[in-house]
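One structure below.
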Amino acid sequence: MISEEKRKLLDIFAQGRKQYKLLDFEGAKNLFGEALKIDSEDGPSQVYYARCKHYIDTPPDRKSTRLNSSHIPLSRMPSSA
């Protein structure tokens with residue numbers, strides 16, 4: 001069974017991932033920071049927190065899907081995608 005603390009961390013992490021996928025790196029960083037307050041050793045939260053800091057300092061090309069698995073620029077995606 002998952003503890004209440006772990007459930008809260010997972011919920012906050014999921015919210016952070018949603019913001020990350022929306023390219024809201026400030027919002028995502030804040031959420032991953034909240035998750036790290038619950039468990040400072042949470043590896044996934046550490047990774048995404050660091051990625052958010054990087055993308056805040058060096059924003060990605062918003063015309064590409066580098067943050068997604070396809071790595072195909074939007075301009076090259078089929079129209080049905």
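The values are calculated or read from the model by the stated rules, or taken from the named source; none is laboratory data. On a predicted model such as this, the values are computed, not experimentally measured, just so you know. Here Cβ is always computed from backbone atoms with ideal geometry, including for glycine, and neighbour counts include all displayed protein chains. Calculation scope for accessible area: heavy atoms of the full protein, side chains included, ligands and nucleic acids excluded. Shrake-Rupley method; radii C 1.70, N 1.55, O 1.52, S 1.80 Å.
Write out, first by first residue and then by second, each pair whose Cβ atoms fall under 6 Å of each other, whose residues are 6+ apart or on separate chains, and whose first residue, in the stretch 1-21, is closer than 17 Å to Lys53 by Cβ while the second is modelled with pLDDT of 95 or more and among the aromatic types (Phe, Trp, Tyr).
Partner pairs satisfying both residue conditions: Gly16/Phe32.
Looking at the stretch 31-45, which of its residues are part of a helix (DSSP H, G or I) and free of Cβ contacts under 8 Å to residues at least 12 places away in the same chain? Spell out the reasoning first.
Taking the stretch 31-45 as the starting set, the residues that turn out to be part of a helix (DSSP H, G or I) are 31-38, 43-45.
Within the stretch 31-45, Lys37, Gly43 meet the criteria.
Just name the residue that is farthest from Pro60 (Cα to Cα) out of those in the stretch 9-48 that are open to solvent by 70 Å² or more (accessible area, probe 1.4 Å) and in contact with a helix residue (DSSP H, G or I) (Cβ under 6 Å, 6 or more places away or on another chain).
Glu34
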